[in-house]
Amino acid sequence: MRRILVTVFALALTAGSAQAFMFFGEPIEGNSWTQGFYENECDFTQVQFIWNSGSQFEVPPGIWNFNRSGWSLYPGSNSTWMAATGPRITGSLSFDVRFAENKNQPAEFYYYAFDGDQLVNAAWAEWTGSGWVDLTHRNYPGGVGMPAGMCAPPPVPEPASLILIGLGLGTLGVVRRLRRKA
């Protein structure tokens, strides 16, 4: 009786996505208003804000009050487009964004985080004049996380591919050896 050993290896790589772009605290109002934001869980070197409608950004300062050194407002930022750059961050970066009008005015913008030239996170945000709304139009009062953006999944690691090739070749060798013995 022949015995054939069949080995099946399955590797399931699940790329988890984490809540990445959020606001924190209450908006601070003066002649203009400021909201704190943070980016978390992604590796990145630049954040960008692109105005869509409503209250525009107040530049300068635009994006400011960073919790990490080396980060600053990108030259050329204006009231409809602004960016901040700095050393590569793994983890979190908190910062403030200043809007030009009072906080009763709505504002809508797009947010992007880049690691070099690669987009790693994107979000859409809308301020109604009294609270934040995400794409599904659920209200999030000040101080509650806004689940607007998710980190891009990490690329499939190369070592895992090499392990799968090695296991496949090893299995073929074992099957061939068992066939010769039989």
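Quick notes on this structure:
- The single condition among (1) buried (at least 18 other Cβ atoms within 10 Å of the Cβ); (2) out of contact with any Ser or Thr (no Cβ under 6 Å at 6 or more places or on another chain); (3) in a strand (DSSP E or B) that TRP51 does not meet is (2).
- Single match in PRO106, PRO87 (criterion: more than 15 Å from ASN67 (Cβ to Cβ) and touching a Phe, Trp or Tyr at 6+ places or on another chain (Cβ under 9 Å)): PRO106
- Per the conditions (1) assigned to a loop (DSSP other than H, G, I, E, B); (2) in contact (Cβ under 8 Å) with a residue 12 or more places away in the chain; (3) of a type in the set (Gly, Ala, Ser); (4) out of contact with any Lys or Arg (no Cβ under 9 Å at 6 or more places or on another chain), the sole criterion not satisfied by ALA125 is (1).
- Condition check for VAL120: aliphatic (A, V, I, L, M), in contact with a strand residue (DSSP E or B) (Cβ under 9 Å, 6 or more places away or on another chain) and within 19 Å of GLY25 (Cα to Cα): no
- Inter-residue pairs, beta-carbon under 6 Å, first within 18 Å of MET22 (Cα to Cα) and in region 69-97, second of a type in the set (Asp, Glu), 6+ apart: THR90/ASP43; LEU93/GLU39
- Scope region 60-82; condition within 20 Å of ASN102 (Cβ to Cβ) and either crowded, with 18+ Cβ neighbours inside 10 Å or within 17 Å of the chain's Cα centre (by Cα) (or both); matching residues: GLY62, ILE63, MET82
- The set of residues in region 83-107 being surrounded by fewer than 16 Cβ atoms within 10 Å (Cβ to Cβ) and part of a strand (DSSP E or B) consists of PRO87, ARG88, THR90.
- Pairing residues of region 162-182 that are in contact (Cβ under 8 Å) with a residue 60 or more places away in the chain with residues that are surrounded by 12 or more Cβ atoms within 10 Å (Cβ to Cβ), at Cβ distances under 7 Å and at least 6 apart in sequence or on separate chains, gives no pairs at all.
Bear in mind that the values in this text are calculations on the coordinates, not laboratory data. Note that the structure is predicted; figures quoted are calculated from it, not measured. Note that we place each Cβ from the backbone using ideal geometry, even for glycine, and neighbour counts take in every protein chain shown.
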